[in-house]
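To keep things clear, I will list the structure first and then write my remarks on it.
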C-alpha cells in the first residue's frame, strides 16, 4: 500500500509540475530548466514505487526518452520546437509507458493544433505583425495530464474500491 501511496503522490506532483509548465510557457514562453530537471529526476522514484524492473521496464523507459530526445532535438535544430518543450517531453517520456507516450503525442498534436488556431485568430484580430509564438507547453501539459488521468485514475478508483 505504501508503494501505491508514493506512486500516486508522485503522479500528483507531476500533474502540478505540468500545470506550472503550462502557465510559465503561456506567460513567459519559457519552461524553466529546474522544472524539467525535477520531473526527470523524480522518474526513478516513480519507477521504484511502480515496481518496474531494471530490465526491460526501466531500460525501455530510458530508450523511449532517448529516442524522443533525438527526434525532438532535430525539430529544435530546425526551429520547429522550443528547447523547453523538447526537455519537457523527454522528461515525460521517463514517466509514461511507451504505448501511452504515443497517445500523449497524438493528443498533444490535436491540442496544439487547436491552440495554434486560437492563438492565430487572436493574433490576427489584434493586428499584430510580430511572429506568432505558440506556447506549446500548454499542449504538452494538457496531453500529459490527460494520459495521467486515463492511465492511472481507473487503477486508483479500483484500488480504493477494493480497500474500502
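Bear in mind that the values in this text are calculations on the coordinates, not laboratory data. Bear in mind that the values here come from a model prediction, so they are computed numbers and not experimental data. For neighbour counting, all protein chains shown are included, and Cβ atoms are generated from backbone atoms with ideal geometry for every residue, glycine included.
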Could you tell me the center-to-center distance, by alpha carbons, between the stretch 64-98 and the stretch 108-142 in angstrom?
20
Considering the Cα positions of the stretch 53-135, please state its Rg to one decimal place and its Dmax as a whole number of Å.
15.8, 55
Please find, in a Gaussian network model of the chain (springs between Cα atoms separated by less than 10 Å), the residue of 124, 86, 138 whose mean-square fluctuation is greatest.
124
Please build a GNM for the chain, connecting alpha carbons under 10 Å apart, and tell me which residue among 85, 130, 57 fluctuates the most.
130
Calculated Rg and Dmax of the stretch 1-81 using C-alpha coordinates, Å
14.9, 46
Going by alpha carbons, how many degrees (0 to 90, nearest 10) lie between the helix axis of 59-77 and the longest principal axis of the chain?
10
Residue 16 and residue 55 label points (each 7 Å along its Cα→Cβ direction) are spaced in nm at 3.8
Computed [θ] at 222 nm, deg cm²/dmol, the chain (DSSP H ≥ 4; -39,500 (n - 2.57); rounded to nearest 500):
-28000 deg cm²/dmol
Roughly what angle does helix 33-50 make with the longest principal axis of the chain, taking Cα atoms, 0 to 90 degrees, to the nearest 10?
20
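Can you tell me, using C-alpha contacts under 8 Å and at least 6 residues apart, the relative contact order of the chain as a whole percent? Show your work: numbers first, answer last.
Details: 144 pairs, mean separation 49.7, N = 164.
Rounded, it is 30 percent for the chain.
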Subtract the Cα-Cα distance of residue 152 and residue 33 from 0.36 nm times their separation in residues, and report this length gain in nm to one decimal.
40.2 nm
Mind telling me which of 110, 132, 26 comes out most flexible in a GNM of the chain, alpha-carbon contacts under 10 Å?
132
Taking the Cα atoms only, what angle lies between the long axis of helix 83-93 and the longest principal axis of the chain, rounded to 10 degrees?
20
Applying the gyration tensor rule to the Cα atoms of the chain (axes a ≥ b ≥ c; rounded if a/c under 1.5, else prolate if a/b exceeds b/c, else oblate), the class is prolate
